[in-house]
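Note sheet for the following structure.
The values are calculated or read from the model by the stated rules, or taken from the named source; none is laboratory data. Everything quoted here is computed from the prediction, not taken from an experiment. Neighbour counts run over all protein chains shown; Cβ positions are idealised from the backbone, glycine included.
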Amino acid sequence: MAIRERLSGNEAVAIAMRQINPDVVAAFPITPSTEIPQYFASFVNNGQVDTEFVPVESEHSAMSACIGAESAGARTITATSSNGLALMWEMLYIAASSRLPIVLNAVNRALSGPLNIHNDHSDTMGARDSGWIQIYGETSQEAYDNMVMALRIAEHEDVMLPVMNCYDGFITSHAVENLDLIEDENVKAFVGEYKPKHYLLNKDEKIAMGPLDLPPYYTEHKYQQHMAMVNAKKVILDVAADFEKMTGRKYGLFEEYKMDDAEIAIVVMNSTAGTAKYVVNQLREKGVKAGLVKIRVYRPFPVEEIAEALSKCKAVAVMDKAASFNAAGGPLYTDVTSALYAAGATVPAVSYVYGLGGRDVKTTDIEKVYTTLEEIAKTGEVKERFNWLALRD
């Protein structure tokens, strides 16, 4: 039987970590992810886990410690946000290229500057090409569920890549919601024991980790990373299928909301999906065939699947809670339009950058996006392809 609880996203993730009982957690506090190591440290202190908790002097040190622990063969988890993730930058690439299945709970927060502690996706979007799998969650339930699934994905022999469990700072991390926890013994059985094939403390195999990689080999190693990311799509779906058998909760690469007959749709990530679903329901009552696609797995990006989901629409808007500053739309927009182009789908698509630095996203803002899509669907004409939503005068 599921355990019904009322928890914030951070507390739910910390409980998932307690249930998993990793070998090592190394972390440095930064708002709004601080509560994760704070809650988990109490579990260590109370003897509820036998994890080695490493309090470090910076986020760079946190990821360095995680890399050392995982290289030694220890199942390892951490957490950070915003500038903390940026301080880890060098080590993110090393963790991924070393094929270390670390899990990082990335609580999304605007990346300085100017200094801002509120939510957008500029931190993890900046790390989207670092070689980490990225999974995004709308609610506390999804943040908890994704944490439980993350290690199974990361540690699969066909993947062996680190995973970011991404969810919105304050909106999801601190808001208390009803959710269903899984029994401790079921989580442990689902995740299983970590049995790495290659690790530094294996006395029967002498190996080096992180050596100099010269031109004759570097490209091939990057190709191996690429193939691991390709493999991750199937593994993510297989793990989700097993998770559904255990909990009844179904997850895919993305969620389609009222897309069966949708003529207009928006593509969005994380907590904004809840607001957008409300607007979709209101529009449906008025006879507007509106739909929504919520991205769950951003890396690897579900190219073919997204193109198929959107190909029957007459107009699409992609909403980015981050700006690429490329004069060509947000990062999610460029990925979605590339997918449509590769599939030969001629769907008019517009970009909206919104909600930066924690700017409230109102139902009226989402309604304006759908109104624009209705006009495009009728006329086939795109007046403004790149838009910033709800700008102040």
Inset, instruction - Keeping to segment 302-328, report how many residues are buried (at least 17 other Cβ atoms within 10 Å of the Cβ), out of contact with any Pro (no Cβ under 8 Å at 6 or more places or on another chain) and among the polar types (S, T, N, Q). - result: 0
Inset, instruction - Kindly provide the set of residues from segment 16-42 that are closer than 22 Å to L85 by Cα, assigned to a helix (DSSP H, G or I) and among the hydrophobic types (A, V, I, L, M, F, W, C), ordered by number. - result: A16, M17, I36, F40, A41
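Okay, residues lined up against (1) under 23 Å from I153 (Cα atoms); (2) in a loop (DSSP other than H, G, I, E, B); (3) at pLDDT below 95; (4) of a type outside the set (A, V, I, L, M, F, W, C):
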| site | (1), (2), (3), (4) |
| --- | --- |
| I171 | no, yes, no, no |
| E177 | no, no, no, yes |
| F190 | yes, no, no, no |
| E193 | yes, yes, no, yes |
| L212 | no, yes, yes, no |
| P216 | no, no, no, yes |
| Y223 | yes, no, no, yes |
| H226 | yes, no, no, yes |
| M229 | yes, no, no, no |
Inset, instruction - Could you tell me which residue of segment 128-153 is nearest to K233 (Cα to Cα), considering only residues that are buried (at least 24 other Cβ atoms within 10 Å of the Cβ) and small (G, A, S)? - result: A150
Inset, instruction - Looking only at segment 40-53, count how many residues are surrounded by fewer than 22 Cβ atoms within 10 Å (Cβ to Cβ) and either under 14 Å from I77 (Cα atoms) or of a type in the set (V, I, T) (or both). - result: 6
Legend entry - Exclusive hit being touching a residue at least 12 places away in the same chain (Cβ under 8 Å) and out of contact with any Pro (no Cβ under 9 Å at 6 or more places or on another chain), set A390, A377, A339: A390
Legend entry - Checklist (1) within 20 Å of the chain's Cα centre (by Cα); (2) among the charged types (D, E, K, R); (3) outside the structural domain of V267 (by TED's automatic domain parsing) applied to E304, failing item: (3)
Legend entry - Conditions (1) exposed (fewer than 15 other Cβ atoms within 10 Å of the Cβ); (2) over 19 Å from F386 (Cα atoms); (3) in contact with a helix residue (DSSP H, G or I) (Cβ under 8 Å, 6 or more places away or on another chain); number of the one not met by Y298: (1)
Inset, instruction - Search segment 259-287 for residues being of a type in the set (V, I, T) and farther than 22 Å from Y298 by Cα, and hand back the single one that is surrounded by the fewest Cβ atoms within 10 Å (Cβ to Cβ). - result: V279
Inset, instruction - Kindly provide the set of residues from segment 155-169 that are acidic (D, E) and either assigned to a strand (DSSP E or B) or touching a helix residue (DSSP H, G or I) at 6+ places or on another chain (Cβ under 9 Å) (or both), ordered by number. - result: E155, D158, D168
Inset, instruction - Output the number of residues of segment 338-393 satisfying the condition of being among the polar types (S, T, N, Q) and crowded, with 18+ Cβ neighbours inside 10 Å. - result: 3
Inset, instruction - Name every residue in segment 231-249 that is outside any helix (DSSP H, G or I) and either surrounded by fewer than 12 Cβ atoms within 10 Å (Cβ to Cβ) or among the small types (G, A, S) (or both), in order of residue number. - result: G248
Inset, instruction - Consider only pairs whose beta carbons are under 6 Å apart and that are at least six residues apart or on different chains; among these, list those whose first residue lies in segment 312-329 and is under 14 Å from E384 (Cβ atoms) and whose second residue is assigned to a loop (DSSP other than H, G, I, E, B). - result: A315/P348
Inset, instruction - Scan Y199, Y167, Y136, Y217 and give me the residue that is in the same structural domain as L104 (by TED's automatic domain parsing), out of contact with any Leu (no Cβ under 6 Å at 6 or more places or on another chain) and free of Cβ contacts under 8 Å to residues at least 60 places away in the same chain. - result: Y217
Legend entry - Residue count for segment 179-188, restricted to those that are assigned to a loop (DSSP other than H, G, I, E, B) and buried (at least 19 other Cβ atoms within 10 Å of the Cβ): 1
Inset, instruction - For K206, work out the one condition from (1) outside any helix (DSSP H, G or I); (2) surrounded by 10 or more Cβ atoms within 10 Å (Cβ to Cβ) it doesn't fulfil. - result: (2)
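Here is a yes/no grid of residues against (1) touching a strand residue (DSSP E or B) at 6+ places or on another chain (Cβ under 8 Å); (2) not β-branched (V, I, T):
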residue: H60; (1), (2): no, yes
residue: R75; (1), (2): yes, yes
residue: S97; (1), (2): no, yes
residue: H121; (1), (2): yes, yes
residue: T139; (1), (2): yes, no
Legend entry - Residue identified as within 25 Å of V230 (Cβ to Cβ) and part of a helix (DSSP H, G or I) among T372, T334: T334
Inset, instruction - Return a yes/no flag: does segment 80-91 have any residue that is surrounded by fewer than 20 Cβ atoms within 10 Å (Cβ to Cβ) and in a loop (DSSP other than H, G, I, E, B). - result: no
